[in-house]
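Below is one structure, written out as structure tokens; comments come after it.
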Amino acid sequence: MSRGVRLYSPTVNPVCIRIFVKRYNSSEFNFANQDLQNRSFQKRNLIGADFSGADIRGCDFSKALLREANFKEVKAGQTLTHLIITIIVAVVVAIATFHAISQILFNVLGVTPEEPAWFYTLVFFSVLGIVTVASAVRVINHTRLFIKRVATTVSGALLGALLALFYRGITTIQNQPQVGIKTLILSAVITGLLGFCFPRGLAGVGIGVGGTVAAYGFAFLLAAVAFAHLSTLHLVWGLVWGSLCVGAIALVMLLLVENVKEITRCFATSFRSADLTNANFENAKLGNTDFSKAVGYRS
């Protein structure tokens with residue numbers, strides 16, 4: 001009886017497999033010396049990819065697999081065009097919000113509880129206070145996306161309604177209440193949705209700047225209330241409101257710093273939550289690149 005032929009099945013070295021996969025990926029994903037500005041590589045498997053010498057400004061690598069990737073001598077960060085656009089948006093929002101809030105402020109100062117406008121004064125005071133708190137929450141929880149999203153939504157909705165109320169005109173709302181209320185609701189919904197969908201984008205920058213102006217207005221109101229109590233020798237309440245005013249001013253300073261950070265991070269290269277284990281960033285120009293929650297990145 002003839003013996004059966006025994007087939008030989010050699011074992012495959014796992015190290016060889018990794019080397020082969022790495023070489024395959026490097027040839028498959030070769031982006032060396034290319035202009036890749038503003039492209040999205042979000043959640044993509046780019047293990048071993050070669051980006052050496054490429055312009056990756058504005059690229060989104062969020063949650064991408066970039067183990068062993070080569071970013072040698074890349075140009076990352078934010079383009080000058082995007083920086084200019086972001087600054088223009090921030091300045092326009094700041095001017096529009098400051099004009100509206102300052103005009104309303106000087107109209108409500110000195111209003112007494114006996115006057116019909118007292119109700120609007122309380123509403124205005126409350127809106128500024130809520131926006132200030134929401135802005136503080138945005139700064140404190142800037143790494144927690146859900147909390148920042150909710151805070152940006154609240155701040156954006158109230159700022160949108162406030163600006164609509166001012167630029168649409170209270171008189172128009174009183175004469176045509178249905179049209180006025182619809183305008184307020186529509187403005188609040190639009191700005192609120194923008195804040196919810198883009199808490200870290202251009203909308204987030206605008207809402208953040210508007211929140212800073214609102215916090216400044218709130219600090220001014222607190223100072224006026226504190227001065228009113230101190231001038232009538234109500235020292236305890238004067239000190240309480242004065243302390244709140246100092247806290248609000250400190251918050252405004254903190255918000256200004258965060259505004260600058262948001263402006264420089266907007267449209268910048270992002271490696272948020274990406275896997276950068278053993279990635280090579282030798283001689284890379286990283287600028288304002290976002291590496292928050294990135295795994296394996298060594299600065």
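See the values below:
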| quantity | calculated |
| --- | --- |
| Aspartates and glutamates whose Cα lies under 14 Å from that of LYS285, excluding same-chain neighbours fewer than 8 positions away | ASP55, GLU73 |
| Volume in Å³ per residue [convex hull over Cα atoms, computed for the stretch 185-253] | 94 |
| Ranked LYS72, LYS148, LYS293, criterion: other C-beta atoms within 10 Å, fewest first | LYS293, LYS72, LYS148 |
| Ranking of GLU68, GLU73, GLU262 by count of other Cβ atoms within 10 Å, fewest first | GLU73, GLU68, GLU262 |
| 14 Å Cα-Cα reach of LYS261 towards aspartates and glutamates, excluding residues that sit fewer than 8 places from it in its own chain | ASP290 |
| Hull shadow area, averaged, the chain [alpha-carbon convex hull, nm²] | 25.2 |
| 10 Å binning of all Cα-Cα separations within the stretch 57-100, expressed as whole percents from 0 upward | 21, 32, 22, 17, 7, 1 |
| CD proxy at 222 nm, helix term only [per DSSP H run n ≥ 4: -39500 (n - 2.57); per residue of the chain; nearest 500] | -21000 deg cm²/dmol |
| Lysines whose Cα lies under 16 Å from that of LYS63, excluding same-chain neighbours fewer than 8 positions away | LYS43, LYS293 |
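Computed from the coordinates by the stated procedures, all read-outs in this text should not be read as laboratory data. A quick note: this is a predicted structure, and the numbers were derived from the prediction, not measured. Cβ coordinates were reconstructed from backbone atoms using ideal geometry, including for glycine residues, and neighbour counts include every protein chain displayed.
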